[in-house]
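See below for the structure under consideration.
The values are calculated or read from the model by the stated rules, or taken from the named source; none is laboratory data. None of these values were measured; they are calculated from a predicted model. Backbone-built Cβ (ideal geometry, glycine too); neighbour counts: all protein chains shown.
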Amino acid sequence: MRCAGLQRYLGHDEGRVHVLKGVSFEAERGQVYAIVGPSGCGKSTLLYLLGLLDQPDAGTIEINGQRMSNSDDAARTAARGAHIGFVFQFHFLMLEFTALENVLMPMRKLGRLTPAQMETRAHALLESVGLGAKTHRLGTQLSGGEQQRVAIARALANEPTILLADEPTGNLDVKNSAMVFDLLTRLAKDHGQAVVLVTHNPEIAARCDVTRPMRDGVFIGT
Amino acid sequence: MSPNLRIAFRFLTAKKRAMLMSLSCTVLGVGLFIVTQATTSGFEKFFIKAILGADGAVRIEDKLQNTLRTVSAGNDFAVRSKEAQKYIEGVEEPSLVVAGLKQFPNVLGTSQVIRQNVLVSSAFKNHDSAQVFGINIDEHIKVSDLDKHIASGSLDDFRQTPTGALIGRELADRLQLSLGESFLIDVRNSPPMRFRVSAIYETGVSDIDKIRVFVHMGQARSLLRKSSGVSLIQVSLRDPARAEVEAAQMEETLGYAAKPWQRREKVWIEVFRALATSSGITVTVFTLIASLAMFNTLAMIVLEKTKDIAILRSMGYERRDITQIFLWQAGIVLAIGAVLGSAFGALATWGVSKIPLGLHGIIVTKTFPVAPSPWHYVAAVVTAIVMVMIASIIPARRAAHLEPGDIVRGAAQ
């Protein structure tokens, strides 16, 4: 994944803020990147742009050599389904669904596997995040740490090339934070995926392969 | 099951109370639409059946005579003007007309009738107005349901009694006549004749039951001093719905005015249709409420599920998937509502048909006449589909147009 000269404004009229001021960034498979910085510096905005959840006002984004920054909503949605996995701070599990169903959901949309293969893969992913025994629990019946582990399994469901995590440990205690981070990095490395995570936690950032500090909408001290 | 349908179902079951409210409004809308249409159609069909059973599908009544205003140019071409036609009362050569009518494949039977306004008197009441119908009973029961309308007495008694008479229930009650009792029929310029009640009939149409007295054709000719010709020929058709077309052809072929039942009872038929339309519109209000309830339910789900929408979009679900998920929810409520509403409508229609009514107005009936039709079910379901789906499109489109980035950013702040 590569982005260059990303600019992004948020808000309207007098409330309009220049959040990203020409950010360039590159992520390679098998590497774990941490984007750190104070609140409001533009970390999450950058992550949503990289994840094609938002569109830049200027600049380019390429995924697997394909320019996605100016593509239409359908193309960006398809790219998200096939190449990008998301892990959000607030877990964002669909709580009326079981852990298994949450993991199956992106696979069912992509439709790359048969239903039986999807089930097998979802079970294997939940097993790998230590939730093999809780596959049929609803989201509401899982703890915060468990929910985040399901979210990681779900993000990996379609074998994305890149995994984007927005404060994945921000809502967890120290023990769970360490567990989730280890899991995220181990699974990503095992499958050769690039991981880009936004974090406030210096310990987590220190354990990443590359740390990119941000301030006022630009990377600093590269 | 498609992923979108699966998600829709789970979203919907998570909002049980709101979903049940939308569902119950849909059930009520569909059910009440069916039952009101069945009852209004029931009254209309009851009336039409009674009219066909009493007066036949077509009546040949008056001879048409063209006047000078009708222009004829050779054998094949003529310009006729309605206003230029003169009507001569009665049918002068009934046998020829009947022979002509028998050439029509749709004609099932014909009955020659002599009819005149008379005064009737019983021991209880003098000089009550009535209408005497001279008939040949075996011919007449082929073009009417008179045999089925007999409420007391028998047609055999009528057949065997030359001075026998069939009298309508309301007229019999007014004259306080019972079976076997005699009464006088009085015609101006003629001595009254005495008849005996052989049977009392009830057609279900008050206007008929309170006025008509059927007597044998021979007796009627003596009473009315009419040795030849008849007042009208009553015609029954295999397919009464084609009466208007057949009547037009009969007029053209026979040169007699032929009145189909649709024209004879035009006013009442239009009243019944207006009633059906008006009750349909009234009941559609329930469907409108159902659509508003559905709108409300979906709007609430959209508000509560914005995070879920963002997750789905981040996983590769397209805008149209989100629209589908919300339209599926409306579809699920509609499908269940249509099935339960139809069952409720069928049950309510059956229940209404058992309600004792004792109506003695234009029509006489002891219970609510109902005429269920598959088209009522189709119309009820289609109305519900149109209204609920229109109401669902707005929240569904709103959900589809939510930007996942904005939602995630909003939730993170």
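Considering only the stretch B:384-402, state which residues are within 11 Å of chain A (Cβ to nearest Cβ) and surrounded by fewer than 17 Cβ atoms within 10 Å (Cβ to Cβ). Outline the logic, then answer.
Going residue by residue through the stretch B:384-402, those that are within 11 Å of chain A (Cβ to nearest Cβ) are B:400-401.
Once the filter is applied, which keeps residues that are within 11 Å of chain A (Cβ to nearest Cβ) and surrounded by fewer than 17 Cβ atoms within 10 Å (Cβ to Cβ), the stretch B:384-402 yields only B:H401.
Would you mind finding the one in B:Q112, B:Q116 that is at pLDDT 90 or above, touching a Pro at 6+ places or on another chain (Cβ under 7 Å) and not in a helix (DSSP H, G or I)? Can you show your working first?
Details: B:Q116 fails: touching a Pro at 6+ places or on another chain (Cβ under 7 Å).
That would be B:Q112, the only listed residue that is at pLDDT 90 or above, touching a Pro at 6+ places or on another chain (Cβ under 7 Å) and not in a helix (DSSP H, G or I).
With surrounded by fewer than 16 Cβ atoms within 10 Å (Cβ to Cβ) and either within 22 Å of B:E251 (Cβ to Cβ) or under 27 Å from the mean Cα position of the chain (by Cα) (or both) as the only criterion, which of B:L96, B:L101 stands out?
B:L96
Considering only residues of the stretch B:14-40 that are within 25 Å of B:A380 (Cα to Cα) and within 14 Å of chain A (Cβ to nearest Cβ), which is surrounded by the fewest Cβ atoms within 10 Å (Cβ to Cβ)?
Kept after step one, since they are within 25 Å of B:A380 (Cα to Cα), are these residues of the stretch B:14-40: B:16-40.
Among the residues that remain, those that are also within 14 Å of chain A (Cβ to nearest Cβ) are: B:16, B:19.
Values: B:K16: 10, B:M19: 22.
Checking each candidate, the answer is B:K16.
Residue-wise test of (1) crowded, with 23+ Cβ neighbours inside 10 Å; (2) at pLDDT 90 or above; (3) hydrophobic (A, V, I, L, M, F, W, C).
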position: B:E304; (1), (2), (3): no, no, no
position: B:A346; (1), (2), (3): no, yes, yes
position: B:G351; (1), (2), (3): no, yes, no
position: B:I355; (1), (2), (3): no, no, yes
position: B:V382; (1), (2), (3): no, yes, yes
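Within the stretch B:121-182, which strands (runs of 3 or more DSSP E) (wholly inside it) include 3 or more residues that are in the same structural domain as B:G204 (by TED's automatic domain parsing), out of contact with any Cys (no Cβ under 7 Å at 6 or more places or on another chain) and crowded, with 16+ Cβ neighbours inside 10 Å? Steps first, please.
Working: elements: B:128-135, B:150-153, B:164-168.
Passing ranges, in order: B:128-135, B:164-168.
Here's the yes/no breakdown for (1) touching a residue at least 40 places away in the same chain (Cβ under 8 Å); (2) under 14 Å from A:R154 (Cα atoms); (3) of a type in the set (F, W, Y):
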{"position": "A:G51", "(1), (2), (3)": "yes, no, no"}
{"position": "A:A78", "(1), (2), (3)": "no, no, no"}
{"position": "A:L113", "(1), (2), (3)": "no, no, no"}
{"position": "A:L126", "(1), (2), (3)": "no, yes, no"}
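What residue, of B:R263, B:R188, is assigned to a loop (DSSP other than H, G, I, E, B) and surrounded by fewer than 18 Cβ atoms within 10 Å (Cβ to Cβ)? Walk me through how you get there before you give the answer.
Numbers: B:R263 fails: assigned to a loop (DSSP other than H, G, I, E, B).
None of the others qualify; the one that does is B:R188.
Which numbered condition trips up A:T140, out of (1) surrounded by fewer than 19 Cβ atoms within 10 Å (Cβ to Cβ); (2) hydroxyl-bearing (S, T, Y); (3) not in a helix (DSSP H, G or I)?
(3) is the only condition that A:T140 fails.
Restricting attention to the stretch B:284-296, does a residue exist that is outside any strand (DSSP E or B), within 14 Å of chain A (Cβ to nearest Cβ), farther than 21 Å from B:E89 by Cα and in contact (Cβ under 8 Å) with a residue 12 or more places away in the chain?
Step one: list which residues in the stretch B:284-296 are outside any strand (DSSP E or B), which gives B:284-296.
Next, from what is left, pick out any that are within 14 Å of chain A (Cβ to nearest Cβ): none.
The answer is no; no qualifying residue exists.
Please work out which residue is farthest from the other protein chains (Cβ to nearest Cβ), limiting yourself to the stretch B:306-344 and to residues that are basic (K, R) and surrounded by fewer than 24 Cβ atoms within 10 Å (Cβ to Cβ). Full working, then the answer.
Looking only at the stretch B:306-344, we keep the residues that are basic (K, R), and these are B:307, B:313, B:319-320.
Of the ones still in play, those that are also surrounded by fewer than 24 Cβ atoms within 10 Å (Cβ to Cβ) are B:307, B:319-320.
Numbers: B:K307: 6, B:R319: 6, B:R320: 9 Å.
Among residues in the stretch B:306-344 that are basic (K, R) and surrounded by fewer than 24 Cβ atoms within 10 Å (Cβ to Cβ), the one farthest from the other protein chains (Cβ to nearest Cβ) is B:R320.
Being part of a helix (DSSP H, G or I), under 24 Å from the mean Cα position of the chain (by Cα), closer than 25 Å to B:K45 by Cβ and modelled with pLDDT of 90 or more is the requirement here; does B:A243 meet it?
Values: part of a helix (DSSP H, G or I): yes; under 24 Å from the mean Cα position of the chain (by Cα): yes; closer than 25 Å to B:K45 by Cβ: yes; modelled with pLDDT of 90 or more: yes.
Yes; evaluated as a whole, the condition is true for this residue.
Of these, A:V129, A:V198, which one is within 14 Å of another protein chain (Cβ to nearest Cβ) and buried (at least 23 other Cβ atoms within 10 Å of the Cβ)?
Values: A:V129 fails: within 14 Å of another protein chain (Cβ to nearest Cβ).
Exactly one of A:V129, A:V198 is within 14 Å of another protein chain (Cβ to nearest Cβ) and buried (at least 23 other Cβ atoms within 10 Å of the Cβ), namely A:V198.
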